[in-house]
Amino acid sequence: MAKVGIIGATGYAGAELVRLLVSHPTVDIAAISSVSFEGKLISEVYPSFFGFCDYICRTAEDVVEKSDVVFAALPHGMSQEIAAECAETGKIFIDLGADFRLDSEDEYKEWYNGEYSYPELHEEAVYGLPELFRSEIEGKRIIGNPGCYPTSIALALSPALKAHAVNTEGIILDSKSGVTGAGRGLTQTGHFPEANENFSPYKVASHRHTPEIEQTLSKAAGVKLNVTFVPHLLPVNRGILSTCYAKLNYGVDEQQIRELYERAYKAEYFVRLLPKGQTACIRNVKFSNFCDISLHIDERTGTLIVVSAIDNMVKGAAGQAIQNMNILLGLPETTGLEFVPPAF
């Protein structure tokens, strides 16, 4: 039984890790930490955990010392020192923040106002989106867990870009997220009177996930590309729905698109390519590690429209982190993640 620890366990992503890992059949939670609630039981912070996981929130140092696998669910800029500690002792480090997602330090400086304190660790780190980079993940010790928006978008468009079925210019990404995507800290936009009965875009063409999205899509396309990305806030707790628009290349038809997506994802348990006529929606992936994808063609304009839906807390955060852990531990990727989404 591998011993796992969670740093930042009382944030939404950290609490989701606790919820999922407590039922994982081949790992034990060795320690959890929280700066805000140090010394308290996590069941005091989240009463739904009472009787299932009454772990005491300790320090980050305790987590690193007691664990074989360390998850960090922290804001950007706070993970590099912990990653260095884990590297010194040969522990696996999976970062749910942004510190190890970008290949370019210049882009990290531009979008996150930070620096790479340990460049050698960034050379070792790998971007942990298993369906696209599984062979690169295997055997690594430092994983940059993808962002929620980038996960939904990369899975939606990578097959079309890899097959050169769509134009790399003029790609538009329209995404909507539940309020948990902003984290547990209080903000005006997440305040109930602001979010309830409301629907609005935010950080239009300036969201920090933009370089991560462009990085992954550029690798799929084989050329550097730029996208228009506009996120929106939904008045729901969970879920991301991304509607992605790309112009079809000459001669590409609906049947070819469907066939290339079927080939790309036929062996991927967590990607569900929906039958023609169905449309992906967030309700059908809630609490699960699935990404649902539906394909649509606008014949009048020659546009491919791909709709993808994920639970931002699971496939967009904690579930994907556990999927990465399973790969690194040599376990089936589905271990501890085979949850059927609720029907309503």
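Please treat every number below as a calculation from the coordinates, not as lab data. Computed from a predicted model, the values in this text were never measured in an experiment. Quick reminder, even Gly has a Cβ in these numbers, built from the backbone with ideal geometry, and neighbours come from all protein chains shown.
For the chain, DSSP calls about 45 percent of its internal beta bridges antiparallel. The loop-placed trypsin sites (Lys or Arg not before Pro) in segment 249-341, going by DSSP, that have at most 16 neighbouring Cβ atoms within 10 Å of their Cβ come out as K266, K276, R300. Let me know the shape class of the chain, please: from the alpha-carbon gyration tensor, a ≥ b ≥ c as square roots of the eigenvalues, rounded when a/c is under 1.5, otherwise prolate if a/b is greater than b/c, or oblate. Here the chain falls in the prolate category.
About its Cα centre, the dipole of the chain is roughly 1000 debye, where the only charges are +1 on Lys and Arg Cβ and -1 on Asp and Glu Cβ. Pairs of Cα atoms nearer than 8 Å and 6+ residues apart set the relative contact order; for segment 149-312 it is 31 percent. If the segment from E124 to T279 were pulled out straight at 0.36 nm per residue, it would be longer than the present Cα-Cα gap by 51.9 nm.
Between N249 and R300, residue separation times 0.36 nm minus the direct Cα-Cα distance comes to 17.0 nm. Counting Lys and Arg as +1 and Asp and Glu as -1 over every other residue whose Cβ lies under 13 Å from the Cβ of H232, the net charge comes to +1.
Taking every lysine pair in segment 149-312 that is 8 or more places apart or spans two chains, those with Cα atoms closer than 20 Å amount to 10. Run the helix sum for the chain: -39,500 (n - 2.57) per DSSP H stretch of 4+ residues, divided by residue count, reported at 222 nm to the nearest 500 deg cm²/dmol. -8500 deg cm²/dmol, from helical runs alone. Taking amide hydrogens as placed 1.01 Å from N in the peptide plane, the amide H of A98 sits under 5 Å from those of H76, G77, each at least 5 positions away in sequence or on another chain. Our estimate of slack between V45 and R184, defined as 0.36 nm per intervening residue step minus the Cα-Cα distance, is 48.9 nm.
Sites count as exposed loop sites when they are GluC sites (Glu not before Pro), lie in a DSSP loop, and have at most 15 other Cβ atoms within 10 angstrom; the longest stretch of the chain without one is 198-298. Phi angles of segment 324-338 translate, via the Karplus equation with coefficients 6.51, -1.76, 1.60 and θ = phi - 60°, into HN-Hα couplings of 5, 4, 4, 4, 5, 8, x, 9, x, 4, 7, 4, x, 10, 8 Hz per residue; Gly and Pro are given as x. Panel order for C148, C57, by other beta carbons found within 10 Å of each beta carbon, from fewest to most: C57, C148. Each residue, A84 and T334, gets one label point 7 Å from its Cα in the Cβ direction; the gap between the two is 4.2 nm. Considering only alpha-carbon pairs that sit under 8 angstrom and 6 or more positions apart, the relative contact order computed for segment 1-81 is 40 percent. Taking every DSSP beta bridge that has both residues in segment 149-312, what percent is antiparallel when rounded to the nearest 5? Around 75 percent antiparallel, to the nearest 5. Go ahead and collect, in residue order, the members of segment 330-344 whose backbone nitrogen is under 16 Å from a label point 7 Å along the Cα-Cβ direction of V236. Backbone N within reach: 341-344.
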